[in-house]
Amino acid sequence: MNFDRKDLSNLRLLDLYKRLLMPRMIEEKMLILLRQGKVSKWFSGIGQEAISVGITNALDKDEYILPMHRNLGVFTSRDIPLHRLFSQWQGKKSGFTKGRDRSFHFGTQEFNIIGMISHLGPQMGVADGIALANKLKKNGKVTAVFTGEGATSEGDFHEALNIAAVWDLPVLFVIENNGYGLSTPTNEQYRCENLADKGIGYGMESHIIDGNNILEVYNKIAELKASLAENPRPVLLEFKTFRMRGHEEASGTKYVPQELMDEWAKKDPVSNYKEYLINVGVLSEELDAELKSVIKKEIDKHWAITQAEPDFEANLEEELNDVYEPYEFEAINPSSETENIRVIDAISSALKQSMERHEKLVIMGQDIAEYGGAFKITEGFVEQFGKERVRNTPICESAVVSAANGLSINGYKAIVEMQFADFVSSGFNPIVNLLAKQHYRWGEKADVVVRMPCGGGTQAGPFHSQTNEAWFTKTPGLKVVYPAFPYDAKGLLNTAINDPNPVLYFEHKQLYRSVYQDVPKNYYTIPFGKASFIKEGSDVTIISFGAGVHWALETLTKNPEIKADLIDLRSLQPLDTETIFTSIKKTGRCIILQEDTLFGGISSDISALIMEQCFEYLDAPVRRVGSLESPIPFVKSLEDQYLPKVRFEKELLELLKY
């Protein structure tokens, strides 16, 4: 192995060696503890330490790194107190996730490290968002994100590289090519000769680096860091290395040919670097023994601190309170000056006034810049706010949502427009596994609003007409709002943008241009979790949201003898159960109207809540009305049959006769 020290001092050479030793010796300790049953699981990075250590030490402490579960050297090189790492692995409270996640599945703003989730790929999109924030700040900072050769087959990898290339983001995409994805060798994972070749298709600079040579890693990263500060761009780096242990210890390495293990054992990054340092007179055997003794004492000391820490005790209140970032709603009252506008105008007004109010708010989506979006909601925004803050995206919903999360992590607010709510399925994973769980897992907000143009009635067929709020109302950590009127659309969107938690904001397409209302011209907010009384009566409680509210109004206009409480939920998560229960205790009857298909929809949960909390007040079973249990069709006659608008009147009249 050839080492080139370039202009590195003896002190730097020795420091890199000590930083190589630390993760290796911690791992050796953990493997012993694992055999003793004192550690539950371990993902070993033995043989790969030079990549983590070299990259981390070449970057500034305030530059974000997004590592994987085999990158202990990132954490130790950022000088995280070892007992906190040990407590994290042991599920103790002084770890980083309060026992809610293990291993390296955590982030820490204190040390500018953002850990992975088990789905691997989305963190590359998060790195894009962090890098975009750095570029907007013009601070010259670089972001490094790790992945393995296996995850380069994931769509998130390709989406993230494409976004980074199109937007010239200063990201180092680090591929640790260690030969196997669990037991699957590289020749069964990809056909290109080198993974670095994948950068060519994205117009991206790429390099192949000996991942076991600490000086080659460190010097190349230092060189690229200086270059990217002057010329921001993404770089794809393939580090050739090998995994000397199993995917995790239980899986072993029996599937690896012994001659391959022997070959890579000769390339061990620690022993080879040690030999080099001895040869150049920087290290002696005596000094090496002394360094190892000091490190061993530090490891043992911190392990004892973790062992002395009491086992984690469950606290129900803390568990529930940590699902969402605390948010103190700021009530901003509307002015008396109004204008008669449509739902679509109200949404556009909220976006514009929020962009003026929040300088670090970025809107992203397909065709939203000069074109103004598929529904022209952001028309004229580029002229007012510029393309840095109103960004057209490639067609890659998953990476865009992940990038929005990265923006939030690095101090921005983000809005993602799904061109149609149906397309959110392509971005489902980062919404339900990154955004929704992030604050619960490690206390970091996800300040992201996902706008969801949805709903039927426009003959747009199965892929442009769904109302899929139930995918998200059942996911803890997300907030879901669904206005039916222009006034609510504006006030709720302003609140969604202010709220530091992830919000799914549903906009019914059929209501965009068909519903008018007098709406205050100024900026104002409406709290989540507060339903709206549209009508009041004593015969029955009607609960709905979105287009269903207007269908219910039409039915009541057609049947003026029915005196109903008509409740527009507006906010689905959080849900205003107090208003619902109060109304039912008065009327004794309830019917719930949703546009979504019935089974698994939110009406089922509302019905169950009513049965649990108000059973003794009911004079009839709760009725639910929804669309047919089929995909939504295209032809008008089929769509009319599918939607519950007509069936609602029949069900309501039958309920009143019960």
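Annotations
- Flag for Y524 being modelled with pLDDT of 95 or more, closer than 26 Å to L598 by Cα, open to solvent by less than 20 Å² (accessible area, probe 1.4 Å) and among the hydroxyl-bearing types (S, T, Y): no
- Contacts under 8 angstrom Cβ, first residue in the stretch 81-94 being touching a residue at least 12 places away in the same chain (Cβ under 8 Å) and on the phi > 0 side of the Ramachandran plot, partner surrounded by fewer than 21 Cβ atoms within 10 Å (Cβ to Cβ) and charged (D, E, K, R), 6 or more apart: G91/R102
- Condition check for G600: open to solvent by less than 30 Å² (accessible area, probe 1.4 Å) and small (G, A, S): no
- Of all residues in the stretch 238-250, one or more are modelled with pLDDT of 95 or more and open to solvent by less than 40 Å² (accessible area, probe 1.4 Å).
- Entirely in the stretch 337-414, the helices (runs of 4 or more DSSP H) that have 1 or more residues that are within 30 Å of G115 (Cβ to Cβ): 397-409
- For the stretch 212-231, the candidate set comprises residues that are touching a strand residue (DSSP E or B) at 6+ places or on another chain (Cβ under 9 Å) and among the polar types (S, T, N, Q); within that set, the residue that is nearest to L13 (Cα to Cα) is N212.
- Applying the criterion of being out of contact with any Cys (no Cβ under 6 Å at 6 or more places or on another chain) and in a strand (DSSP E or B) to the residues of the stretch 530-549, the residue that is surrounded by the most Cβ atoms within 10 Å (Cβ to Cβ) is I542.
- The stretch 226-246, subset part of a loop (DSSP other than H, G, I, E, B) and among the charged types (D, E, K, R), residue farthest from S271 (Cα to Cα): R233
- Of all residue pairs spaced 6 or more apart or on separate chains, those with beta-carbon atoms under 6 Å, a first member in the stretch 602-631 that is in contact (Cβ under 8 Å) with a residue 60 or more places away in the chain and a second member that is not in a strand (DSSP E or B) are I602/A470; I602/T473; S627/Y642; S627/L643; S627/P644; P631/P462.
- Selected residue (only one of E223, E159 is of a type outside the set (S, T, N, Q), modelled with pLDDT of 95 or more, assigned to a helix (DSSP H, G or I) and farther than 26 Å from G365 by Cβ): E223
- Hey, S354 closer than 30 Å to D322 by Cβ, open to solvent by 30 Å² or more (accessible area, probe 1.4 Å), at pLDDT 95 or above and of a type in the set (S, T, Y) or not: no
- Wholly within the stretch 1-98, helices (runs of 4 or more DSSP H) carrying at least 1 residues that are farther than 20 Å from M116 by Cα and under 33 Å from the mean Cα position of the chain (by Cα): 10-35, 49-58, 82-90
- Test: M124 is outside any helix (DSSP H, G or I), within 23 Å of L237 (Cα to Cα) and open to solvent by less than 20 Å² (accessible area, probe 1.4 Å): no
- So A289, is it of a type in the set (G, A, S), out of contact with any Cys (no Cβ under 8 Å at 6 or more places or on another chain) and closer than 25 Å to T495 by Cα: no
- Subset of the stretch 54-105 [open to solvent by 40 Å² or more (accessible area, probe 1.4 Å) and at pLDDT 95 or above]: D60, K61, D62, D79, P81, H83, R84
- Residues of the stretch 247-277 that turn out to be farther than 16 Å from R70 by Cβ and not in a loop (DSSP other than H, G, I, E, B), as a count: 14
- If you go through the stretch 327-341 and pick out every residue that is within 32 Å of the chain's Cα centre (by Cα) and either surrounded by 14 or more Cβ atoms within 10 Å (Cβ to Cβ) or of a type in the set (K, R) (or both), you end up with 3.
- The requirement of being touching a His at 6+ places or on another chain (Cβ under 7 Å) and within 21 Å of Y412 (Cα to Cα) is fulfilled nowhere in the stretch 155-167; no residue meets it.
- Criterion (more than 21 Å from K141 (Cβ to Cβ) and buried (at least 17 other Cβ atoms within 10 Å of the Cβ)) met by exactly one of E216, E193: E216
- Residues located in the stretch 260-313, provided they are basic (K, R), over 24 Å from K38 (Cβ atoms) and touching a helix residue (DSSP H, G or I) at 6+ places or on another chain (Cβ under 9 Å): K266, K274
- Listed here are the strands (runs of 3 or more DSSP E) enclosed by the stretch 550-658 that have at least 1 residues being farther than 22 Å from T467 by Cα and of a type outside the set (S, T, N, Q): 564-568, 590-597.
- Taking the criterion of being free of Cβ contacts under 8 Å to residues at least 40 places away in the same chain and of a type outside the set (S, T, Y), the residues of the stretch 195-219 that qualify are D197, G199, I200, G201, G203, E205, H207, I208, I209.
- Just one of the numbered conditions (1) surrounded by fewer than 18 Cβ atoms within 10 Å (Cβ to Cβ); (2) in contact with a Lys or Arg (Cβ under 8 Å, 6 or more places away or on another chain) is not true of A304: (2).
- Scanning the stretch 262-297 for residues that are among the hydrophobic types (A, V, I, L, M, F, W, C) and surrounded by 14 or more Cβ atoms within 10 Å (Cβ to Cβ) yields W264, V270, L277, I278, V282, L283, L287, L291, I295.
- Among the numbered conditions (1) surrounded by fewer than 23 Cβ atoms within 10 Å (Cβ to Cβ); (2) touching a residue at least 40 places away in the same chain (Cβ under 8 Å); (3) touching a Gly at 6+ places or on another chain (Cβ under 7 Å), the only one that A404 does not meet is (1).
- Checking each residue in the stretch 511-520 for being crowded, with 16+ Cβ neighbours inside 10 Å and not in a helix (DSSP H, G or I) picks out V515, Q517, V519, P520.
- Count of residues meeting criterion [touching a strand residue (DSSP E or B) at 6+ places or on another chain (Cβ under 7 Å) and open to solvent by 10 Å² or more (accessible area, probe 1.4 Å)] in the stretch 468-487: 5
- Residue check, K18 open to solvent by 20 Å² or more (accessible area, probe 1.4 Å), more than 24 Å from L228 (Cα to Cα) and charged (D, E, K, R): yes
The values are calculated or read from the model by the stated rules, or taken from the named source; none is laboratory data. Worth saying up front: this structure is predicted, and the values here are computed from it rather than measured. Every residue, glycine as well, gets a Cβ built from its backbone with ideal geometry; the counts of neighbours run over all protein chains shown. Each accessible area value is taken on the protein alone, full model and side chains, heavy atoms only, with ligands, DNA and RNA left out. Shrake-Rupley method; radii C 1.70, N 1.55, O 1.52, S 1.80 Å.
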